[in-house]
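Here the structure is laid out as structure tokens; the discussion comes afterwards.
The values are calculated or read from the model by the stated rules, or taken from the named source; none is laboratory data. If you're wondering where the values come from, they're calculated on a predicted model, not measured in any experiment. Here the Cβ positions follow ideal geometry from the backbone for every residue, glycine too, while neighbour counts run over all protein chains shown.
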Amino acid sequence: MKELLAELTETWGPSGYEDSVRKVIQKRIADRADEVRVDALGNLIALRRGKPKRGVAKRKIMLAAHMDEIGVIVSHVDEKGFLRFSGIGGVFPPTLLGSRVVFGDGSTGVIGREKVDKPDEAPRMDKMFIDVGAVDREHAKRRVGDVATFTRPFVDLGQRLVAKAFDDRVGCAVLVQTLLGLKSTPHDVYFVFTVQEEVGVRGATTSAFGVEPDVAIALDVTMTGDTPEAPRMAVALGAGPAIKVKDRGMLAHVGVKNWMVQTAERLGLPYQFEVLEAGSTDAMAIQTSRAGVAAGVLSIPTRYVHTPSEMVDLGDVQQSVELLLGLLTAPVGF
Amino acid sequence: MLLKELSEAVGVSGHEGAVRQLILDAIKGQVDEHRVDALGNLIALKKGHGEKRRKVMVAAHMDEIGLMIVRIEKEGSLRFRPVGGIDHRVLLAKKVLIGDKKVPGVIGSKPVHLLEPRQRQQVVHVEEMSIDIGATSQDDASNLVKVGDYATFDVSYRELGGQLRAVTGKAFDDRAGCAVLIQLLSGTYPFDLYATFTVQEEVGLRGARVAAYSIAPDVAFALEGTICDDMPKLKDVSPTTIVGGGAAITIMDRSVIADRRLVDLLVRTAEEHGIPHQFKQPNMGGTDAGAIHLARTGVPAVTVAVPSRYIHSPVCLLSLNDLDSTVKLMRETLMGVNDIELNR
Amino acid sequence: MQTKDFLKQITEASGVSGYEDSVRELVRTEFALYADEIRTDTLGSLIALKRGERSAETPRRSIMLAGHMDEIGLVITQAEKGYLRFSTVGGFDLRVLLGQEVVVHGHRDLPGVIGTRPPHVLSSEEQEQVVPLDRLFIDVGLTEAELAESVRVGDIVTLRRDFTELAGGLVAGKAFDDRAAVACIAQCLQHLSTLKHTWDVYAVATVQEETGLKGALTSAFGIEPDIGIAIDVGHGNMLGVSEVDTVNVGGGPALGFGPNIHPVLYEQLVGVAKKYEICHQIDPIPGASGTDAWAMQVTREGMPTALISIPLRYMHTTVETLSLKDVERIGRLLALFIAGLSEESASELGLAR
């Protein structure tokens, strides 16, 4: 799992440019799925067909984790070769100060900042720029529309791991491990690695329309309330997978939520309930697909979300895989 | 000149009938079929030649930003609210035309003589404004207008000449796009072209959403009159697009990340044919492509636009050179659309 | 059931967005009196079908009426020293919560209160500040240990308010947004059982409107009606709010007009109101209506939609106030409108054959 997480988080893949991440995942799952396809927007859809099981109603289950990460896009190359930029997805300006970003071709830039008029002025993206070390516009070799992500190596602290883009490569890793560990299931399970979640859950919208699931579970990260003077939240790192009740975009289907709780209790797995004040997930889009889908979310507690150094607990991640396997190998509980 | 008629026609979001009729008259002879859907979109089909034909949707929106009368006051003045996104500051002291009868009115503003220096520094919000149609009472006004009537700015199309062949007028967002689409219909293509004149883009890309669901295209292009912010600035930052810089290609805006294969096709085509083109500043604004690309199982889409200064205000400015570049770029690109690989 | 009694019954019940079960059962019982079929869809919207009578050659047409049964509420986020922290479900003005009684739906329903510190301990500056969400607590009077047994993070909380009759046929209570509309729809069905109509009627009590129009979006997709009318509440006149932004309580149904409303459908509704002398008012809406009509209009290939609003004061508080006469007028208007629908209406609306 650690090795998978390292590979996934270090791959370059901002929203709209997920090709490399898709290739990494495709390589790992290709021979463990019955069908694999890539749709119009770039979502990777892998189907594992159900083996009929007496007394168990076969359902169509969609699992979703997004491949894209937040990043920045060049809006202007000035005369001196400095790059003005805006964010792709929810980029939090203070995290940019002093950061390095990397473009698709591997070249690096440093983020600089205009002079500060007021000492406690909040950092703003429109007062920053990327310095690629060029001497003027021609030598900058970058154009309007080029995209870049944060760059930071994966670090193994033992029980805890640090990397950029655990949101949502950790979700992708959980899906990959689940698919690899799933010997047989009574349901038709679609493992969907979505695109463009960070810019508006777009991949989930179109992939759900195509898959037409009965039930869906998104795998994504959630924040924690266990760091010094953190905004209040009952989720803690290392306390187990979080079962979502609600976030800014949706209310989890009560049946799915209860099914997840019952399964965790049956397997003796720890779990926590999550109410997230800001943000949403692919499940929000899937829930309102066509005539509606019973959708829930299995969240992996993560500290420092949307910064270059997100942190997860290995136990939470592994237990998420166990919970998911428990769900897929049993009847759907509603 | 087609752009003149389109610009002067009145069609605020939700009330696009007059523009639709004008466009229908202009394209009837060029298309095989057309229909108007529940929201008012005009969907025209020009069948292509050849066996297995792709479905290509090209959209331009008919609606413009405007105002709606929301109350007639006792003494005959009219309260109003914006339809679509309008900066409050452009409204003071402008002339408007209300309803299908185009009743003239003025948005009044307190004379400078009566203002304290401090007040001249304050922005007046739309809730404090009113339209004067010369009525002296509520009854008097009710004979001319009613609550719910739409109003537009009273602005005539003008040619400024010069190397840029600049023109001014209202609603270039998106009558410029409509003009481009109408011109494209005079060509013949190796695919089925769904020329879609959409409604209600300005209030949430509404028409495009249902039109795309209905058409279910393989590929889509949205044509726009887009943001051009090339006035002198204090810092060396993006002008979003520049007048005279050619057709503006969107790589990413707030509503869509353009399909890279379509962007590449546009760029290749522009370079091959020497067509002036530019890239619109990313993350600015949203267009019909935002709604279209999410229809059903997804549609590769891109937006191509004519740069227009001062959109969403009474008087816009664009260069006919840029309009022509956009038509040319789209025409040549459409010829190559059949050949691009859409599978992944 | 009488409108007033039904309204009282459903508004005193609990049904926060995403947790509408209790209310749904009450609505089901009432709609079942008039419907040919009833079902619940995946997200929980209640869909009742009352078939019209038509000849074999007449094409089948259907109209969907939508009123949402969910109410705004709260959700428990954390327990702390015997008190409960919470977050909101739907749009809230936090200021109305001070001193509000609630019901916490934990292991069992627990009555509680959102307490407020007494003025004696507060400085005059503190009394001038709005209490932020993280300084508000629900108190159910239990010890920390008892709390751990009976309440969990994620439990839903309903605000508590009894239905109250004021003078002049006005009533006040919680969740009139939008259960008053559900009452209008029930009224409409009741009237329709005595009238002839050719169009099929889908009476839908939608879910999760307050958290994103989700029930309307998905139920409309499943039903595929020819036209849709949403009934919701509109801001009623009150002191201190400009008349531009309100409609009159007691002034009859407020018929919406603007991009979200099909202009012909609007004219047809006005026509019926005038013909039967039903007092009504116009409600200009220059953009998004923020109601189920916004979602229905762009489902699938789009449909003609209209919005009828019940004038309502103090929206999103527990003392929402409206006139029962307005509710009755809307029930009647809808029924008479539906009874008048024909193939001619369909072609006026531009519906395909």
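Overview of values
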{"item": "Count of the stretch C:290-305 residues which are closer than 21 Å to C:Leu334 by Cα and among the hydroxyl-bearing types (Ser, Thr, Tyr)", "result": "2"}
{"item": "Unique residue being within 26 Å of C:Leu84 (Cβ to Cβ), out of contact with any Phe, Trp or Tyr (no Cβ under 6 Å at 6 or more places or on another chain), within 14 Å of chain C (Cβ to nearest Cβ) and touching a residue at least 40 places away in the same chain (Cβ under 8 Å) when the list is A:Ala236, A:Ala230, A:Ala208, A:Ala216", "result": "A:Ala236"}
{"item": "The stretch A:130-146 residues that are in the same structural domain as A:Phe103 (by TED's automatic domain parsing) and among the small types (Gly, Ala, Ser), paired with ones that are part of a helix (DSSP H, G or I) and surrounded by 15 or more Cβ atoms within 10 Å (Cβ to Cβ) (beta carbon under 6 Å, 6 or more apart)", "result": "A:Ala134/A:Ala140"}
{"item": "Conditions (1) outside any strand (DSSP E or B); (2) touching a helix residue (DSSP H, G or I) at 6+ places or on another chain (Cβ under 9 Å); (3) not polar (S, T, N, Q): number failed by B:Asp264", "result": "(2)"}
{"item": "Number of positions in the stretch B:58-88 that are more than 22 Å from B:Gly11 (Cα to Cα) and either away from chain C (no Cβ under 14 Å) or surrounded by fewer than 16 Cβ atoms within 10 Å (Cβ to Cβ) (or both)", "result": "4"}
{"item": "Failed condition for C:Val298, given (1) under 30 Å from C:Gly73 (Cβ atoms); (2) touching a Gly at 6+ places or on another chain (Cβ under 7 Å); (3) surrounded by 19 or more Cβ atoms within 10 Å (Cβ to Cβ)", "result": "(2)"}
{"item": "Scan of the stretch B:4-15 for residues that are crowded, with 24+ Cβ neighbours inside 10 Å and part of a helix (DSSP H, G or I), ordered by number", "result": "B:Leu6, B:Ser7"}
{"item": "Hits in the stretch A:1-16 - residues which are crowded, with 21+ Cβ neighbours inside 10 Å and either of a type in the set (A, V, I, L, M) or in contact with an Asp or Glu (Cβ under 8 Å, 6 or more places away or on another chain) (or both)", "result": "A:Leu5, A:Leu8, A:Gly13, A:Pro14, A:Ser15, A:Gly16"}
{"item": "Output for the stretch B:194-226, where each listed residue is within 14 Å of chain C (Cβ to nearest Cβ) and charged (D, E, K, R)", "result": "B:Glu201, B:Glu202, B:Arg206, B:Arg209"}
{"item": "Test for A:Asp220: is it at pLDDT 95 or above, farther than 17 Å from A:Asp19 by Cα and surrounded by fewer than 23 Cβ atoms within 10 Å (Cβ to Cβ)", "result": "no"}
{"item": "Qualifying residue in the stretch C:304-322 (condition: surrounded by fewer than 24 Cβ atoms within 10 Å (Cβ to Cβ), assigned to a helix (DSSP H, G or I) and modelled with pLDDT of 95 or more)", "result": "no"}
{"item": "Residue under evaluation A:Asp39, criteria (1) buried (at least 19 other Cβ atoms within 10 Å of the Cβ); (2) under 21 Å from A:Val147 (Cα atoms); (3) of a type in the set (Asp, Glu), criterion not met", "result": "(2)"}
{"item": "Matching residues in the stretch C:254-268 - criterion: being crowded, with 22+ Cβ neighbours inside 10 Å and out of contact with any helix residue (DSSP H, G or I) (no Cβ under 6 Å at 6 or more places or on another chain)", "result": "C:Ala254, C:Gly256, C:Gly258, C:Pro259, C:Ile261, C:His262, C:Leu265"}
{"item": "Residue within the stretch B:287-304 that is aliphatic (A, V, I, L, M), surrounded by fewer than 24 Cβ atoms within 10 Å (Cβ to Cβ) and over 16 Å from the mean Cα position of the chain (by Cα) present", "result": "no"}
{"item": "Residue within the stretch A:283-300 that is closer than 15 Å to A:Gly255 by Cα, part of a loop (DSSP other than H, G, I, E, B) and either touching a residue at least 12 places away in the same chain (Cβ under 8 Å) or in contact with a His (Cβ under 6 Å, 6 or more places away or on another chain) (or both) present", "result": "yes"}
{"item": "Residue check, A:Ala46 in contact with a Cys (Cβ under 9 Å, 6 or more places away or on another chain) and either part of a strand (DSSP E or B) or assigned by TED's automatic domain parsing to the domain that holds A:Gly133 (or both)", "result": "no"}
{"item": "Exclusive hit being more than 12 Å from every other protein chain (Cβ to nearest Cβ), farther than 20 Å from B:Lys170 by Cα and not basic (Lys, Arg), set B:Ala301, B:Ala258, B:Ala291, B:Ala270", "result": "B:Ala270"}
{"item": "The stretch A:114-157 - residue that is of a type in the set (Gly, Ala, Ser) and outside any strand (DSSP E or B) and, of those, nearest to A:Gly13 (Cα to Cα)", "result": "A:Gly145"}
{"item": "Any hit, the stretch C:47-65, residues being modelled with pLDDT under 95 and part of a strand (DSSP E or B)", "result": "no"}
{"item": "Flag if B:Gly29 is outside the structural domain of B:Gly134 (by TED's automatic domain parsing), closer than 25 Å to B:Gly225 by Cα and either surrounded by fewer than 17 Cβ atoms within 10 Å (Cβ to Cβ) or at pLDDT 95 or above (or both)", "result": "no"}
{"item": "Residues (surrounded by 22 or more Cβ atoms within 10 Å (Cβ to Cβ) and either of a type outside the set (D, E, K, R) or within 18 Å of A:Phe166 (Cα to Cα) (or both)) located in the stretch A:245-264", "result": "A:Val245, A:Met250, A:Leu251, A:Ala252, A:His253, A:Val256, A:Trp259, A:Met260, A:Thr263, A:Ala264"}
{"item": "Residue match in the stretch B:185-195 (condition: at pLDDT 95 or above, small (Gly, Ala, Ser), within 18 Å of the chain's Cα centre (by Cα) and under 17 Å from B:Gly285 (Cα atoms))", "result": "no"}
{"item": "In the stretch B:45-57, residue farthest from the other protein chains (Cβ to nearest Cβ) [restricted to those that are part of a strand (DSSP E or B) and surrounded by fewer than 24 Cβ atoms within 10 Å (Cβ to Cβ)]", "result": "B:Lys46"}
{"item": "Checking A:Ser299 against (1) closer than 30 Å to A:Lys53 by Cα; (2) away from chain C (no Cβ under 14 Å); (3) out of contact with any helix residue (DSSP H, G or I) (no Cβ under 6 Å at 6 or more places or on another chain), the condition it does not meet", "result": "(2)"}
{"item": "Among residues of the stretch C:1-22, those that are within 14 Å of chain A (Cβ to nearest Cβ) and outside any loop (DSSP other than H, G, I, E, B), counted", "result": "3"}
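Quick grid of which residues meet (1) within 14 Å of chain B (Cβ to nearest Cβ); (2) surrounded by fewer than 19 Cβ atoms within 10 Å (Cβ to Cβ):
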site	(1), (2)
A:Ile70	yes, no
A:Asp120	no, yes
A:Val132	no, no
A:Arg137	yes, yes
A:Phe150	no, no
A:Gln159	no, yes
A:Arg169	no, no
